[in-house]
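Have a look at the structure below, then the notes.
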Amino acid sequence: MQILELEPRGDNSDAYAEAARVIGAGGLVAFPTETVYGLGANVFDEHAVRRIFAAKGRPPDDPLIVHVRPRWDLTRIADDVPPLAERLMKELWPGPLTVVMPRAASLPAIVTSGLPDVAIRAPHHWVAEALLDACGTPLAAPSANRFSYVSATTAQHVVDDLGDSVDLVLDGGPSSAGIESTVVKLEGNDLVVLRHGALSVDEIVSAVPEIADVRAAALDADAAASPGRMLKHYSPATPTMALGAGDDPSRYELPDRVCVLSYTGRFADDLPAGWSLEVLGDRSELDQVARDLYAKLRSCDRSGHDLLVVELTGSAGIGAALDDRIRRAASGAVLG
Ligand code: TXA
Ligand code: MG
């Protein structure tokens, strides 16, 4: 595996040329986006796309997101694009919004796990954008982590998880949003939220006021019925439980070595002996909490505790996305 460090204001053209060569040869390139790192392959190269599933240990029934530049012609990927999807793409791309729409026949079925719909997004990150330009082809790219583990927000996370199953890692520093894109589909003039994410529903609706109604897809343990929305996802190896916002974990019977992940000003002195506290940040600055959450989950996961207890934000907006990830990290288990 090769790692290339990129300079935000430098000339990185050699690195992008190398990445385009690897993609052209059917290889896998991990790259930063504004949400998390992605593991990319040429979307029209079935063999390369199959390698993504193998590298992640991802089941074949969990479809991939296709990454494009905002104004690219989507006709080889999508078909019968709903007018409201056009509006979302126009107003909110590039950005952390993935839009699910009918797929084109020319798109290899493996990308969508055989589903009639394809998920597409245009990332807003200097590396992802330059990489797409250099490759000149859409890239299928799930998050660059082992299946069901915490997503990667740094190049080191990718190396830790995937090692030599990746050909090239482009290191563009930590991802700025820190949690994945919001995934939506359209039913008539209604917006159906398949996954809460870095772009809040309020931001979507205020950008596209034609949206008539917003519906959330339920948290669902049945992976076959709703791909990629399994209850266990984004999960540390250490057993993990969610804690209701404002609740006190010491009133539950828990193992000896517990790591509590909570917010500034909570539990400073009053946790049981032997427990430790990891501060996720200030509750009034949830954007910052999102940026650091996965790195903190990963480091607590390696700290030799019996249990991780992660407090929910109890907030709307980005808080809804954070609470979704915390619940899934805990496979749906909430204390109490
Ligand atoms: O921010 C992100 O979305 C990151 C970066 C790398 O772009 N990507 C990411 O990909 O999180 P992944 O594969 O880890 O999550 C993709 C989500 C899954 O929940 C998957 O089931 C859903 O999108 N998805 C993909 N294609 C779909 C489809 N055709 N219909 C419904 N859901 C789909
Ligand atoms: Mg993922």
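Rule-based calculations on the coordinates, nothing more; no lab input. Model, not experiment: these values are computed from the prediction. For neighbour counting, all protein chains shown are included, and Cβ atoms are generated from backbone atoms with ideal geometry for every residue, glycine included.
Could you identify the single residue in 134, 119, 152 that is touching a residue at least 24 places away in the same chain (Cβ under 8 Å), over 24 Å from residue 295 (Cβ atoms) and either touching a strand residue (DSSP E or B) at 6+ places or on another chain (Cβ under 8 Å) or in a loop (DSSP other than H, G, I, E, B) (or both)? Lay out the reasoning, then the answer.
Working: 134 fails: either touching a strand residue (DSSP E or B) at 6+ places or on another chain (Cβ under 8 Å) or in a loop (DSSP other than H, G, I, E, B) (or both); 152 fails: over 24 Å from residue 295 (Cβ atoms).
Criteria check complete, one pass: 119.
Before we move on, is residue 128 within 20 Å of residue 196 (Cα to Cα) and either part of a helix (DSSP H, G or I) or in contact with a strand residue (DSSP E or B) (Cβ under 6 Å, 6 or more places away or on another chain) (or both)?
Values: within 20 Å of residue 196 (Cα to Cα): no; either part of a helix (DSSP H, G or I) or in contact with a strand residue (DSSP E or B) (Cβ under 6 Å, 6 or more places away or on another chain) (or both): yes.
No: the conditions fail for residue 128.
Residues that are of a type in the set (A, V, I, L, M, F, W, C): find the strands (runs of 3 or more DSSP E) completely inside the stretch 1-109 holding 3 or more of those. Show your work before the answer.
Values: elements: 2-5, 29-32, 37-42, 65-67, 97-102.
So the answer is 29-32, 97-102.
Screening residue 34 against (1) more than 16 Å from ligand 2 (Cβ to nearest atom); (2) under 18 Å from residue 181 (Cα atoms); (3) surrounded by fewer than 23 Cβ atoms within 10 Å (Cβ to Cβ) leaves a single unmet condition, (1).
Among the residues of the stretch 155-188, write down those that are assigned to a loop (DSSP other than H, G, I, E, B), in contact with a helix residue (DSSP H, G or I) (Cβ under 6 Å, 6 or more places away or on another chain) and either polar (S, T, N, Q) or under 23 Å from residue 88 (Cβ atoms) (or both).
Of the residues in the stretch 155-188, the ones assigned to a loop (DSSP other than H, G, I, E, B) are 166-167, 172-181, 188.
The next check asks that each one be in contact with a helix residue (DSSP H, G or I) (Cβ under 6 Å, 6 or more places away or on another chain); those that pass are 167, 172, 178-179.
Passing the criteria: 178, 179.
Could you tell me whether any residue of the stretch 117-140 is touching a helix residue (DSSP H, G or I) at 6+ places or on another chain (Cβ under 8 Å), aliphatic (A, V, I, L, M), within 16 Å of ligand 2 (Cβ to nearest atom) and over 13 Å from residue 67 (Cβ atoms)? No, that holds for no residue. Residue-level check: of (1) surrounded by 14 or more Cβ atoms within 10 Å (Cβ to Cβ); (2) outside any loop (DSSP other than H, G, I, E, B), residue 313 misses just (2).
For the stretch 145-156, filtering for residues that are under 12 Å from residue 171 (Cα atoms), within 16 Å of ligand 2 (Cβ to nearest atom) and surrounded by fewer than 22 Cβ atoms within 10 Å (Cβ to Cβ) leaves 1. Taking the stretch 246-300 as the range and being surrounded by 14 or more Cβ atoms within 10 Å (Cβ to Cβ), assigned to a loop (DSSP other than H, G, I, E, B) and in contact with a helix residue (DSSP H, G or I) (Cβ under 7 Å, 6 or more places away or on another chain) as the test, only 271 passes. Of the residues screened, residue 287 is not one that is of a type outside the set (Lys, Arg) and either more than 24 Å from residue 145 (Cα to Cα) or over 21 Å from the mean Cα position of the chain (by Cα) (or both). Within the option set 116, 142, 209, being in contact with a Lys or Arg (Cβ under 7 Å, 6 or more places away or on another chain), farther than 22 Å from residue 17 by Cβ and surrounded by fewer than 21 Cβ atoms within 10 Å (Cβ to Cβ) holds for one residue only, 116.
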